[in-house]
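The values are calculated or read from the model by the stated rules, or taken from the named source; none is laboratory data. Treat the numbers as computed from the prediction; the structure is a model and nothing was measured. Counting neighbours? That spans all protein chains shown, and the Cβs are built from the backbone with ideal geometry, glycine included. All accessible areas refer to the heavy atoms of the entire protein, side chains included, with ligands and DNA or RNA removed. Shrake-Rupley method; radii C 1.70, N 1.55, O 1.52, S 1.80 Å.
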Amino acid sequence: MTTGTAPGTTTVGASAPVTTADTVTAHTLLNCLLREVSAPEHQVTVDDDHLLLRLPRRGILLRSPLRRVSLIGAHRFRGPVQRLDDDSWTTVSWRELAGYIQDELELRTGVGNEEFLAQVADSRETIRTALEERAAATPHTDPYVASEQSLVFGHRFHPTPKSRTGDPADWLAYGPETGARFRLRHLAVRRHLVRQEGELHELDALLPAAAEPGFAVLPVHPWQFRLLGEDEALRAAMARGDVTDTGVSGPELVPTASVRTLYDPESDTFLKFSLNVRLTNCVRRHARYELSGAVALNRLLQPVFTALAGRFPGCALLAEPGYRTLDTGDTALLEGLGVIVRSGLRHHLRPGVTPLLAAAVADEYPSGAAHVSRLLARGDGDVLAWWDAYLRLLLPPVLAAYFEHGVVLEPHLQNVVVGVRADGTPAQMLFRDLEGTKLLPGPHRSALADLPEDVRGPLTYDPERGWNRVAYCLLVNHTAEVLGALADLDPTLEPALWGLVRDHLHAYARTAAQPPRLRALLSGVPLPAKANLLLRWSRGADRHAGYVPLPSPLGADFPREAVR
């Protein structure tokens with residue numbers, strides 16, 4: 001194995017990006033435009049340390065100075081976006097850039113989207129507010145919680161990564177970026193109106209007290225309780241005495257990066273709530289089928305992960321053993337008050353291993369101790385050795401789940417918790433969140449046949465859609481982003497970093513009889529990148545996202561020259 005030690009791994013360095021809400025919003029929009037519109041239409045070039053990008057239908061030429069060029073086009077920017085006017089360059093604000101994108105997409109699709117500019121503005125305002133609030137906040141002392149709450153800027157290839165319904169005053173008390181912690185609201189619900197499945201002892205252990213005879217306790221996210229305050233069905237149930245508000249009580253929980261999933265550090269338990277709030281693409285309310293689907297998937301996946309953990313030590317799945325909700329016959333309440341239990345981390349962690357959110361490890365804008373530069377500074381700083389250990393833990397179990405077990409995991413950066421040793425070396429990979437996990441129908445035909453139709457259908461992907469999802473989440477969203485953070489430390493290492501990815505993929509392929517889809521990947525076929533901008537523009541469901549091709553550095557003949 002080739003080794004390399006990155007210079008300056010103890011700090012982010014003098015070339016650290018400017019992190020204002022306006023600058024990051026403009027760069028994020030540029031990322032989306034580059035990946036989904038201009039690059040696929042061959043309207044991009046790099047010239048004199050600048051990215052030049054053309055909007056073909058609007059006839060606008062844009063540019064931005066570069067901190068670093070990426071082999072897959074995931075470049076790093078370091079200055080304002082500018083527009084060519086005659087013979088001079090004029091700085092373009094994030095708002096102007098969003099307007100250009102709106103015009104280009106209207107011309108491209110023949111369809112408008114009156115929500116788009118407001119959602120971009122909402123996202124920018126969330127970032128601005130979070131930066132302001134964090135300046136006076138005290139970070140959580142738990143390294144894991146701090147990593148979950150460190151993501152101020154969000155997904156850098158999403159046009160509205162921090163869009164959030166409502167005024168900042170509505171979410172400040174509940175946002176992970178501000179270091180929030182709060183207690184839950186609790187409802188006492190007549191038992192015949194409680195709908196639940198699975199094992200709920202972890203949920204019940206968090207409740208402040210047992211309910212009166214004939215009632216069960218249903219915890220509710222306090223933001224959601226406020227949002228449902230005027231719901232007629234809930235008010236009617238409370239007026240009948242079927243539901244009683246018993247107030248706010250119990251331990252303080254902390255919001256994780258997903259906002260609606262809360263964590264209790266004391267009991268090491270997660271609760272995933274519904275929120276009638278649009279976060280990035282979707283209103284984050286549990287669909288009816290997702291509640292039953294989580295329990296069904298949890299049951300089906302336990303033997304799969306037992307086998308994977310035996311073969312690939314260090315991997316595990318955080319179980320989602322049960323849910324509880326209110327069922328008065330009103331679908332909005334059943335979905336809006338559903339809570340899914342997710343088991344914690346400690347049962348899986350080896351002695352001396354600290355869990356950290358993968359998205360914090362890979363953050364382009366590092367703000368905490370979880371960033372890869374800080375992890376490398378704990379040890380000898382050998383970038384390639386660290387990366388080799390990381391890939392050995394991440395890639396094989398996800399590939400084996402798909403090719404050998406027919407399970408489509410969704411291992412994007414927000415769905416993976418990395419366990420690191422005291423010296424910062426990766427030691428474990430914990431996968432979470434069954435919402436995006438799907439099954440291939442063929443290998444699971446019998447188990448799926450036993451499920452209700454409304455649950456069975458949404459739990460499956462056909463092989464092509466499943467592979468696109470796996471390849472995107474695993475290689476583009478996750479692997480390429482951690483690799484990008486490592487390349488920021490020493491850009492000359494990027495070809496070798498991709499070479500290690502290829503080596504690990506090739507090693508797994510040899511053990512799995514060379515699956516055709518993996519052989520194609522290793523031959524250099526383009527990587528599938530989820531089209532978040534186009535999905536947001538079309539207002540489609542996440543399940544129906546399309547993909548755009550990215551140049552792949554995985555082919556044997558891909559140029560391996562050093563990059564800036």
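Scan region 66-88 for residues that are surrounded by 15 or more Cβ atoms within 10 Å (Cβ to Cβ) and part of a strand (DSSP E or B) and jot them down.
Step one: list which residues in region 66-88 are surrounded by 15 or more Cβ atoms within 10 Å (Cβ to Cβ), which gives 66-83.
L66, R67, R68, R76, F77, V81, Q82, R83 - these are the residues of region 66-88 that are surrounded by 15 or more Cβ atoms within 10 Å (Cβ to Cβ) and part of a strand (DSSP E or B).
Reported count of residues in region 436-455, each being out of contact with any helix residue (DSSP H, G or I) (no Cβ under 9 Å at 6 or more places or on another chain) and exposed (fewer than 11 other Cβ atoms within 10 Å of the Cβ), is 2.
Within region 169-179, does at least one residue satisfy the condition of being under 24 Å from the mean Cα position of the chain (by Cα) and acidic (D, E)?
We begin by selecting, within region 169-179, every residue under 24 Å from the mean Cα position of the chain (by Cα); these are 170-179.
Filter once more, so that each one left must be acidic (D, E): 170, 177.
Checking region 169-179: at least one residue is under 24 Å from the mean Cα position of the chain (by Cα) and acidic (D, E).
Just checking, does region 454-477 include any residue being at positive phi and either of a type in the set (S, T, Y) or not in a helix (DSSP H, G or I) (or both)? Checked against the condition, which is being at positive phi and either of a type in the set (S, T, Y) or not in a helix (DSSP H, G or I) (or both), region 454-477 yields no hits at all.
Per-residue answers, yes or no, for (1) in contact with a strand residue (DSSP E or B) (Cβ under 8 Å, 6 or more places away or on another chain); (2) not in a loop (DSSP other than H, G, I, E, B); (3) not polar (S, T, N, Q):
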{"position": "E335", "(1), (2), (3)": "yes, yes, yes"}
{"position": "I340", "(1), (2), (3)": "yes, yes, yes"}
{"position": "L356", "(1), (2), (3)": "yes, yes, yes"}
{"position": "D363", "(1), (2), (3)": "no, no, yes"}
{"position": "A370", "(1), (2), (3)": "yes, no, yes"}
{"position": "R374", "(1), (2), (3)": "no, yes, yes"}
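In the set (1) loosely packed, with under 15 Cβ neighbours inside 10 Å; (2) touching a Ser or Thr at 6+ places or on another chain (Cβ under 8 Å); (3) polar (S, T, N, Q), the condition left unmet by T138 is number (2). The set of residues in region 146-203 that are at positive phi and open to solvent by less than 40 Å² (accessible area, probe 1.4 Å) comprises G154, G179.
Annotation: of all residues in region 209-227 being within 19 Å of V339 (Cα to Cα) and more than 34 Å from the chain's Cα centre (by Cα), the one that is most open to solvent (accessible area, probe 1.4 Å) is A210. When L430, L395, L399 are checked against the criterion of being open to solvent by less than 20 Å² (accessible area, probe 1.4 Å), under 17 Å from L308 (Cα atoms) and outside any helix (DSSP H, G or I), a single residue qualifies: L430.
Of all the numbered requirements in (1) closer than 16 Å to Y174 by Cα; (2) assigned to a helix (DSSP H, G or I); (3) open to solvent by 10 Å² or more (accessible area, probe 1.4 Å), I127 misses one, and that requirement is (3). Answer yes or no: is there a residue in region 228-237 that is closer than 30 Å to R124 by Cβ and surrounded by 14 or more Cβ atoms within 10 Å (Cβ to Cβ). Taking every residue of region 228-237 in turn, at least one turns out to be closer than 30 Å to R124 by Cβ and surrounded by 14 or more Cβ atoms within 10 Å (Cβ to Cβ).
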